[in-house]
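Trainee: Input: one structure, supplied below.
The values are calculated or read from the model by the stated rules, or taken from the named source; none is laboratory data. This structure is a prediction, so every number in the text was calculated from the model and none was measured. Cβ sites come from the backbone with ideal geometry, for glycine too, and all protein chains shown count toward neighbours. The accessibility values were calculated without ligands, DNA or RNA, using every heavy atom of the protein model including side chains. Shrake-Rupley method; radii C 1.70, N 1.55, O 1.52, S 1.80 Å.
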Amino acid sequence: MLLAYRQKRTGQLEAFLALAASRKERSTMKDFSEKISSIAGKEPDKLTAAQKRGSFITKLLMQAYSPNETVVWHSLFMPTEIFYAMDIIPFSTEMVSAGLAGAGLSKDLVEIGESYTQCNDSCSFATCAVGAINEDIFPVPDFLITTSQLCDPAKKLASMSAKKYGRREFFIDVPFGAYSLNNEDYSIARKYVTRQLYEMIAFIEDETGKKLDYDRLAEIIKLSNETRDWFRKVREIRKGPAVIRGAKALDFSSVLLNIWGSNEAVDIFRTLYEEVGRKSSEGGLPNEKYRIGWVHLRPYYDNTIINYLEENCGAYIVVEENNYIFWDELDSDNPLESIAEKLLANPAYSDLQIKNRLYSENIEEYRLDGIIGYAHKGCRHFYSALHIASEHFKNRISFLVVDGDCVDPRAYSFPLVKTRLDSFIDSMSIRKDGF
Amino acid sequence: MDFEQFKTNIKKGEFTGNSFAWVCTYTPEEIIHAAGFFPVGIRKSSGCEDEDVYLGRNMCSFAHSIFGGALRGSYGGMKGIVIAHGCECLRRLYDGWNEWNSLMEPSYAYQLNVPVMCNNLAIKYFESNLRSFIRELEANYSVSITDEKLLKSIKLYNQTRLLLNRLAALRERANPPVTGQQVWEIIDICMSTPKEVFNEVFEEFLLVLEADDKGLFESKRKRILVYGGLYNPEIVKYIEREDTGGMVVCEDTCNGLRYFDIPENELSTSDPVEMISRRYLSKMPCSRISGHYEERIVSDLLALVKRYRVDGVVYYITKRCENQYWEFPSIKDALEMDGVPLKRIEGDISGDIPTRELKSFIELLNF
C-alpha cells in the first residue's frame, strides 16, 4: 500500500512540468525536448558522456516523483554511496535549483522564495528552492539528511522543509577545517563523523524498515572508486591541450553530483575519458590561446560568458574547482570511516590557505594563464573567499572575480561582464606575450 | 550607588594589560582567563566598518567592523584573538586575518571549531577541540592551563552569570529598576572588564537595584523583547524614548541572555574541560544551531515572552546574516501562532535605524 504523503508526488510532477512548459521561451535548454527525443532514439552506447549524465539525472529526477520510491533530500556534498546501497533516490534541492535556472523558472521562483525569507541578498540556490517548495513542485521527501557543509542557508532550508512536509531530518555535524588538523585531532574528527554516520544509518533503517546490507555497500563503494579513477584520468588528460568545452566540464561538477555509487556514473565517466582521450589525440580544441582555471559555478540561466571566452578569445577552461577529486579511494572494508574521511576532506570546507594551495598547484599543473572566479553574490562563503584569493594571487597570475548570481537572472548583464572579460584577456596577453 | 556611580567605580578598577579578544559567545572565556589573560569581548561597532575593503561586500557589518577595527588599531595591545567558527562571515573573517596578518593588530588569530549541534557526541567532540585550544595557548604563550586554574575561572564566571541572572530577574517586575539601555551598557562593561572587578562592583550596584521597588519608568510602557544576534543599541534607545512608549525587558540576543543564561554545572563532573564544553553547547542556542537542538530557539523565545509578559517582539536582523534570514520565518510562525506581535527590523550593528517603523509598531501595540 502506498504511503499517503507519497501520493502527492504525482500532482507535484504535473505542476512542475506545467510550470516548465509555461516558461519554455525563457529556457536556455530550448532544445531540451529535442535532445531528449534524440537521446531516446539512440543506442545507449552511442550517447556522449554529457548525454548519458543528462539522461541519468533526468531519470533520477523522474524517479524522485514516483510514489513507489524512497526519496531522501540531502544537502550538497553528502556522499551518496549509502543511499544507493539502500535503494534510496537522492534529491538535492540546490542542484535542482541550477536546473530550474536553466529551464527559465528561477526568476519567478526566487521572487516567491524572497517573500518567504523577506530578503533579496541571500543565496539564490536556496531561495529558488524555497520558491519551488512553496509552489509545491518538488517531490515530497521520505526523510532528509543534512550536513553542516558548506553553507548556513542549506541547514535552515532543510529544517524548514522537514517541518513543511512533516518528515524527519537527520543532521550531521562535519567539523570545519579538517585539512589543517594534526593527526590526533583528525583521528578524533573522523571518529566523530563516523559515529554520526552509524547513527544516520540507524535513522534510515528506522525510516525505511530495511537494514543496510554492508556487502552491497562494499559493491557500491567499488563502483564509486571506479568512477573516481576514470575522472582522475580525465583530469590528467586535461593537463594537455584543452579537450572539452568549459561549460560542459563545469556541468559535470563532480563534487556536487549525486550519482556516486551508481553503475551509470562509471559508464558516464568512462565515456568522458574516452571522449577527451580521442580529442587529445586529435590535438585538442581549436585556437587555444589561454588556459583558464575556473572557481565556483557559472550562471545557469545564460552561458554567454564561457562561450565568449572560448569561442571569441581562445581562452579555454581547463580545470575547475568543483571537479577536483579531493577524497582518497574509499575503503570497502571500512566503508563508514572512509565516507567520513570523504566528508572531512572537502577543501572548500576549510580555511582559505588550503584552497590557495590548491589553486597554486593548478596554476603549475595545468599551466594556467588566468583564473576566473564567478562570485555568487548571495554566498558569504565563496564570494568573500574569491575576493581574498584574487588579492593573494594578483602578483602571480591574472585573477578575475566576476560578481554575479548563478540562479537569479535579474541583475545579469553580459555587456557589463564583457568589459571585464576583455580587460582580463588583455591582462593575460600582457603577462604572456608582453603586450 | 546609582548607574553613573557604578560605571565610575568600574573604571577605577579597569585593567588593560594582557588582554585577549573573542568575538562569539560560543568562545569559552574561562580558558582564556585560566591562561592568565584578560578576555575582552569585541561585541560592538569599532566604527571602522568602511576600512575593510578586503573581505568582500557581502559580509555582515560585524565582520567588517572587527576587520576594519583591527586594521585601524582599535584592538591595539591585545595579545591575540580567538575567532569561533560561528558562521560563514566569521569563517572568512579568520581567513582575512590570516591573509593580511601583518596589517592586523593583534596579529595572532586562532579559529575555534564549534559544533553546530548539541548532543553528547557533539559535547565530547567540542571537548577535544577545547583541549587543542588549550594546548595551542600553552605552546604559543608559554603558559600552563591546569585543571585547578580552570576550575577557579569557572567559579569566577559562574559568579558573573549568577549576578546577571539576578539582574534579568528584576526585569520581570511591572516597572523594572533598570532600563534596557542600562542593561546593554552593563553587559558591554561586563564583556570588557575583568570579571574579578566586575563581580565585586556590580554586586554592590545590584543590591541597590534589588532594593528599589519603585522602578524607573514614570509612565506605563509596552514591554518589548529584542531578539537577534548582535543588535544595534540604537534600537533600545529609540524604543525607550518617552514619545515612543516602550521599554525593553529582555534581550534574546548574543549580547543578552545567550551570554549568561546558564552556569557550568560544577557538580556534573570533576573535569573542567568537559564542564565547559557541556555548558557552551547547552546554553540558549543562537541561529547558527542546527539539528534537534534548533527547536529550542523557538521554545526558549516563547518561554521568555511568557516570563517577561512581553507585549511585542522586535526581531533585529543584522544585514547579510544568513542564519538570521533563514531563521526568521520559523520565529514568525511560532509567534503568530501564540498571538505575539512581531516587528522585523533589518540593519547593521550600528548606525541609523528605521525609527518610524519602530514607533508605529509600538503605537499599534496600544490598540
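Trainee: Hey, could you grab the Kirkwood Rh for the range B:137-246? Inverse mean 1/r over distinct alpha carbon pairs, Å, one decimal.
Mentor: The Cα-based Kirkwood calculation yields 16.2 Å.
Trainee: Which net charge results for the neighbourhood of A:ILE220, defined as the other residues with beta-carbon distances under 12 angstrom from its beta-carbon, given Lys and Arg at +1 and Asp and Glu at -1?
Mentor: Here the charged neighbours net out to -4.
Trainee: Sort the range A:41-190 into rounded, prolate or oblate with this rule: let a ≥ b ≥ c be the square roots of the eigenvalues of the Cα gyration tensor; rounded if a/c is under 1.5, and if a/c is not under 1.5, prolate when a/b is larger than b/c, oblate otherwise.
Mentor: oblate
Trainee: A follow-up question, please. Report, by chain and number, residues whose modeled amide H sits under 5 Å from the one on A:PHE143, excluding near sequence neighbours (fewer than 5 apart, same chain).
Mentor: Under 5 Å from the amide H of A:PHE143: A:VAL71, A:TRP73.
Trainee: Oh, and also: How do B:ARG356, B:ARG279, A:ARG410 rank by accessible surface area computed with a 1.4 Å probe, from largest to smallest? Provide the component values of the computation, followed by the final result.
Mentor: On the way: B:ARG356 205, B:ARG279 5, A:ARG410 95 Å².
Listed by decreasing accessible area, they come as B:ARG356, A:ARG410, B:ARG279.
Trainee: Hey, another quick one. With contacts defined as alpha carbon pairs under 8 Å and 6 or more residues apart, what's the relative contact order of the range B:135-249 in percent?
Mentor: That works out to 29 percent.
Trainee: Output ³J(HN,Hα) for the range A:81-86: one whole-Hz value per residue in order, computed from phi by the Karplus curve 6.51 cos²θ - 1.76 cosθ + 1.60 with θ = phi - 60°, and x for Gly and Pro.
Mentor: Those phi angles translate into 4, 5, 4, 5, 5, 10 Hz.
Trainee: Hey, another quick one. Once you list every other residue whose beta carbon is under 13 Å from the beta carbon of A:ALA385, what net charge do they have if Lys and Arg are +1 and Asp and Glu are -1?
Mentor: Here the charged neighbours net out to -2.
Trainee: Enter the mean number of other protein chain beta carbons within 10 Å of the beta carbon of each residue in B:113-123, as an integer.
Mentor: Per-residue shielding by partner chains comes out at 4.
Trainee: Say the cut-off is 32 Å between C-alpha atoms; which of A:LYS233/A:LYS432; A:LYS163/B:LYS306; B:LYS79/B:LYS319; A:LYS8/A:LYS52; A:LYS8/B:LYS283 go over it?
Mentor: Too far apart for the 32 Å limit: A:LYS8/B:LYS283.
Trainee: So for chain B, averaging the separation of alpha carbon pairs under 8 Å that are six or more residues apart and normalising by length, what relative contact order in percent results?
Mentor: 19 percent.
Trainee: What nm distance separates the two modelled labels at B:ILE262 and A:GLU282, each placed 7 Å from Cα along Cα→Cβ?
Mentor: Rounded to a tenth, the inter-label distance reads 6.5 nm.
Trainee: Using the Cα centre of the range B:1-137 as origin and beta-carbon charges of +1 (Lys, Arg) and -1 (Asp, Glu), tell me which of B:LEU90, B:SER46, B:ALA63 is placed farthest towards the positive end of the dipole.
Mentor: B:LEU90
Trainee: Right, next: With a 1.4 Å probe and every protein chain left in place, tell me how much accessible area A:PHE203 has, in Å² to the nearest 10.
Mentor: Near enough 20 Å² of accessible area.
Trainee: Please report the buried accessible area for the interface of B with A, total over both chains, probe 1.4 Å, in Å² to the nearest 100. Spell out each step's value before the answer.
Mentor: On the way: alone 15940 and 18770 Å², together 30520 Å².
So the total buried area for this chain pair works out to about 4200 Å².
Trainee: Let me ask something else about it. Which value at 222 nm does chain A reach when only helices count, each DSSP H run of 4 or more adding -39,500 (n - 2.57), with the total divided by all residues and rounded to the nearest 500 deg cm²/dmol?
Mentor: Taken over chain A, the calculation gives -17000 deg cm²/dmol.
Trainee: Counting residues in chain B as N, plug N into 2.2 N^0.38 Å and put the Cα Rg over that result.
Mentor: Expressed relative to 2.2 N^0.38 Å, the Cα Rg reads 0.96.
Trainee: Oh, and also: Suppose every Lys and Arg Cβ carries +1 and every Asp and Glu Cβ carries -1, with no other charges. What dipole size does the protein assembly as shown come out with about its Cα centre, to the nearest 20 debye?
Mentor: Working: 98 positive and 116 negative charges, 196 e Å.
Result for the protein assembly as shown is approximately 940 debye, rounded to the nearest 20.
Trainee: When all C-alpha to C-alpha distances in the range B:1-131 are sorted into bins of 5 Å, what percent of pairs does each bin hold, rounded to whole numbers?
Mentor: Pair shares across the bins are 2, 10, 18, 21, 18, 13, 10, 6, 2, 0.
Trainee: Please work out how much accessible surface A:ASP351 shows to a 1.4 Å probe, ignoring ligands, DNA and RNA, in Å² rounded to 10.
Mentor: Roll a 1.4 Å probe over it and A:ASP351 shows about 10 Å².
Trainee: At what distance in nm do the modelled label points of B:ASP243 and A:TYR412 sit from each other, each positioned 7 Å from its Cα along Cα→Cβ?
Mentor: Reported label-point gap for B:ASP243 and A:TYR412 is 4.9 nm.
Trainee: On the full set of protein chains, 1.4 Å probe, figure out the accessible area of A:GLU337 and give it in Å² to the nearest 10.
Mentor: Only protein atoms counted, so the area is about 60 Å².
Trainee: For A:ILE371, which sequence-distant residues (separation of 5 or more, or a different chain) have an amide H within less than 5 Å of its own amide H, given hydrogens modelled in the peptide plane?
Mentor: Long-range HN contacts for A:ILE371: A:GLY293, A:SER398, A:PHE399, A:LEU400.
Trainee: Further, regarding this structure: Going by the alpha-carbon gyration tensor, a ≥ b ≥ c the square roots of its eigenvalues, is the range A:217-433 rounded (a/c under 1.5) or, if a/c is not under 1.5, prolate (a/b greater than b/c) versus oblate?
Mentor: prolate
Trainee: A follow-up question, please. In peptide A:389-400, what is the residue-averaged number of other protein chain Cβ atoms found within 10 Å of each Cβ?
Mentor: Counting other chains' Cβ atoms within 10 Å and averaging over A:389-400 gives 1.
Trainee: If you don't mind, another one. So for the range A:4-182, averaging the separation of alpha carbon pairs under 8 Å that are six or more residues apart and normalising by length, what relative contact order in percent results?
Mentor: It comes to 25 percent, rounded to a whole number.
Trainee: Output wanted: per-residue J couplings in Hz (rounded whole) for the range B:290-300, from phi through Karplus 6.51 cos²θ - 1.76 cosθ + 1.60, θ = phi - 60°, x for Gly and Pro.
Mentor: Going residue by residue, I get 10, x, 4, 5, 4, 4, 5, 4, 6, 5, 4 Hz, with x marking Gly and Pro.
Trainee: Only Lys, Arg, Asp and Glu count, each charged at its Cβ (+1, +1, -1, -1), so figure out the dipole size of chain A about its Cα centre, rounded to 20 debye.
Mentor: My answer is approximately 760 debye.
Trainee: On a 0 to 90 degree scale, rounded to 10, what angle separates helix A:183-208 from the longest Cα axis of chain A?
Mentor: Approximately 50 degrees, to the nearest 10.
Trainee: Sorted from largest down, what three extents in whole angstroms do the Cα atoms of chain A have along their principal axes?
Mentor: Sorted largest first, the three principal extents are 71, 55, 48 Å.
Trainee: Moving to a separate point now. Name the residues of the range A:108-123 whose accessible area falls by at least 10 Å² when all protein chains are present instead of the chain alone, probe 1.4 Å?
Mentor: Residues of the range A:108-123 that lose at least 10 Å² of accessible area once the other chains are added: A:TYR116, A:THR117, A:GLN118, A:CYS119, A:ASP121, A:SER122.
Trainee: Taking the alpha-carbon set of the range A:124-238, what are its Rg and Dmax in Å?
Mentor: 17.6, 48
Trainee: Once you have a ≥ b ≥ c as the square roots of the Cα gyration tensor eigenvalues for the range A:378-435, tell me rounded if a/c is under 1.5, and otherwise prolate or oblate according to whether a/b is larger than b/c.
Mentor: oblate
Trainee: Also: May I ask for the net charge around B:LEU164, where only other residues with Cβ less than 15 Å from the Cβ of B:LEU164 are counted and Lys, Arg are +1 while Asp, Glu are -1?
Mentor: Values: positive: B:ARG43, B:ARG161, B:ARG166, B:ARG171, B:LYS195, B:ARG258, B:ARG279, B:LYS283; negative: B:GLU29, B:GLU172, B:GLU185, B:ASP188, B:GLU200, B:GLU203, B:GLU204, B:GLU210, B:GLU251, B:ASP252, B:ASP261, B:GLU264.
Charge balance in the 15 Å sphere: -4.
Trainee: Here is a further query. Using a Gaussian network model on chain B with a 10 Å cutoff between Cα atoms, which of B:ASN120, B:ASN199, B:ASN165 fluctuates the most?
Mentor: B:ASN120
Trainee: Against the 2.2 N^0.38 Å scaling, with N counting residues, where does the range B:272-367 land? I'd like the Cα-based Rg ratio to two decimal places.
Mentor: 1.24
Trainee: With +1 on each Lys and Arg Cβ and -1 on each Asp and Glu Cβ, how big is the dipole of chain B about its Cα centre, in debye rounded to the nearest 20?
Mentor: 300
Trainee: Pick from A:ARG53, A:ARG235, A:ARG380: which residue has the top mean-square fluctuation in a GNM of chain A where Cα pairs under 10 Å get a spring?
Mentor: Per the Cα network of chain A with a 10 Å cutoff, A:ARG380 tops the list.
Trainee: Have a look at A:ALA162, A:LEU256, A:GLY240 and report the one farthest towards the positive end of the charge dipole of chain A, computed about the Cα centre with Cβ charges (Lys/Arg +1, Asp/Glu -1).
Mentor: It is A:GLY240, whose Cα lies furthest towards the positive end.
Trainee: If you don't mind, another one. What accessible area per residue comes out for the range A:70-112, rounded to a whole number of Å², with a 1.4 Å probe?
Mentor: Numbers: 740 Å² over 43 residues.
That works out to 17 Å² for each residue.
Trainee: Which far-off residues, 5 or more places away or on another chain, put their amide H under 5 Å from the one on B:PHE38, with H placed in the peptide plane?
Mentor: HN-HN under 5 Å from B:PHE38: B:SER19, B:PHE20.
Trainee: Still on this structure: At each listed q (0.05, 0.06, 0.09 Å⁻¹), what is the log10 of I(q)/I(0) that the Debye formula gives for the protein assembly as shown modelled as equal alpha-carbon point scatterers?
Mentor: For the requested q values the scattering log ratios are -0.28, -0.40, -0.90.
Trainee: Run through the range B:1-72 and list the GluC sites (Glu not before Pro) located in a DSSP loop whose Cβ has at most 11 other Cβ atoms within 10 Å.
Mentor: Those satisfying the criteria are B:GLU14.
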